[in-house]
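Notes follow the structure.
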Amino acid sequence: MLQHLAAQRGPVTAASIAASLSLPRSTVYRLLGVLEEHGFALHFPEERRYGIGLAAFEISSGFARQQPLTRLGGPVLATLVDRVGESGHLAVLHGRDVIYLIEERAPRRPSLVTDVGVRLPSHLTASGRALLATLPKGQVRALFPDRNAFAQRTDDRISRYSALSRLLAEVRAQGHATEDGEITPGLASVAVAVRDHTGWPAASIAVTFDSGRSDQAVAAIVAQVSAAAADLARRIRGRPLSAARP
C-alpha cells in the first residue's frame, strides 16, 4: 500500500486503493488507519483522500543519508562545480526542512552555511523550493498548515501558504528555483529537483554564487545545474552518463 501511495501523483481515495490492490475496502480502511497512526499516511478529510505521510519522508531521507545518493551524486556534483567554478550542494527534503548531503566547494570561493548535515527551512532555500514545487499541492499544504510553520531568517516575504503557493507555481513554470540573499546576504542560489522513476523528488542540486550576476550568467548556470540534475536522475534510474571530471 505504501508503494502504491508513493507511486501516485497526489492523494487518492480508499476506494481507488482497494480497486488497484484488489483488497476489501474494510481492510484498506483498517490498514490506512494504522499507517496514519504511525505517520506513514496522511488523511485529507475534505477531499476524502490519502497520501504519503511525513514518516515515509523520514525513511526516504534515511535511505538518502546511507550513501546511495551521496555515492551517485558526488561525481555529478564535482563535475558541475568544475564547469561553473562555483560551489554546489545536493540536498533532500525532510519534513519542512532540507538536509544537505554533499557540499562541493569551488576553489577560492567562500564557505557556505550549507555544510553536510545542516538543516534549513525548505521554503527559504533554492534547494527546498525546487523540491516543494514537485510535490502535490495537498502535500505542501499539509507541510505548511498555518503561519507558525514558516520559519523566518531575513524577511517575511514568504510567511503564508498563499505566497508560497505562488512562488512554487513560478518554480514549476521556469523549471528551476532561486533565492537571493534570503539565506546569506550577498549570495544567490539556483536549484533543480532530481526526480526518481516515479517522478517523486529524490534530491535537488544547487549552485551558490555572488548576487548581482547578469541574467545571461545566471541562465548559463541554470543550464549546467539542469544538465547535472538530469544526469543524476538517469543514474538513480539505472541509466548513467559519464560524470568523470574533465
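The values are calculated or read from the model by the stated rules, or taken from the named source; none is laboratory data. This is a predicted model, so every value here is computed, not measured. Cβ coordinates were reconstructed from backbone atoms using ideal geometry, including for glycine residues, and neighbour counts include every protein chain displayed. Quick note on the areas: whole protein, heavy atoms, side chains included, nothing else; ligands and nucleic acids left out. Shrake-Rupley method; radii C 1.70, N 1.55, O 1.52, S 1.80 Å.
3J(HN,Hα) along region 168-179, derived from phi through the Karplus expression 6.51 cos²θ - 1.76 cosθ + 1.60 where θ = phi - 60°, amounts to 5, 5, 5, 4, 4, 5, 8, x, 7, 10, 9, 8 Hz, with x in place of Gly and Pro.
In a simple Cβ point-charge model (Lys, Arg +1; Asp, Glu -1; nothing else charged), region 76-180 has a dipole of about 320 debye relative to its Cα centre. Here the accessible area of region 107-246 is 50 percent carbon and sulfur, with a 1.4 angstrom probe and all protein chains present. Shown in residue order for region 194-210 are the 3J(HN,Hα) couplings computed by the Karplus curve 6.51 cos²θ - 1.76 cosθ + 1.60 at θ = phi - 60°: 10, 9, 8, 5, 8, x, 7, x, 7, 5, 9, 10, 9, 10, 10, 8, 5 Hz (x for Gly and Pro). The Cα center of region 171-214 and the Cα center of region 16-45 differ in position by 35 Å.
The charge dipole of the chain, taken about its Cα centre with unit charges on the Cβ atoms of Lys, Arg (+1), Asp and Glu (-1) only, comes to about 600 debye.
Short to long, the 10 Å bins of the Cα pair-distance histogram for region 100-246 hold 11, 40, 37, 11, 1 percent of all pairs. The residues of region 89-246 expose, per residue, 45 Å² of accessible area to a 1.4 Å probe. Each Cα pair of region 1-126 feeds into the Kirkwood radius, which the Stokes-Einstein equation turns, at 10 °C and 1.306 mPa s, into a diffusion coefficient of 94 µm²/s. Rounded, prolate or oblate: which one fits region 81-132, using the alpha carbon gyration tensor with axes a ≥ b ≥ c (rounded when a/c is under 1.5, else prolate when a/b beats b/c, else oblate)? Note, shape of region 81-132 comes out prolate. Rolling a 1.4 Å probe across all protein chains gives F150 an accessible area of roughly 10 Å².
Measuring max minus min along each principal axis, the C-alpha atoms of region 124-184 give extents of 27, 25, 15 Å (largest first). Among A173, A227, A151, the residue with the largest mean-square fluctuation in a Gaussian network model of the chain, with springs joining Cα atoms closer than 10 Å, is A173. Amide H to amide H, with H built 1.01 Å from N, L120 comes under 5 Å of V98, counting only residues 5 or more places away or on other chains. To one decimal place, what orientation-averaged projected area in nm² is obtained for the convex hull of the Cα set of the chain? For the Cα atoms of the chain, the hull's average projected area reads 13.7 nm².
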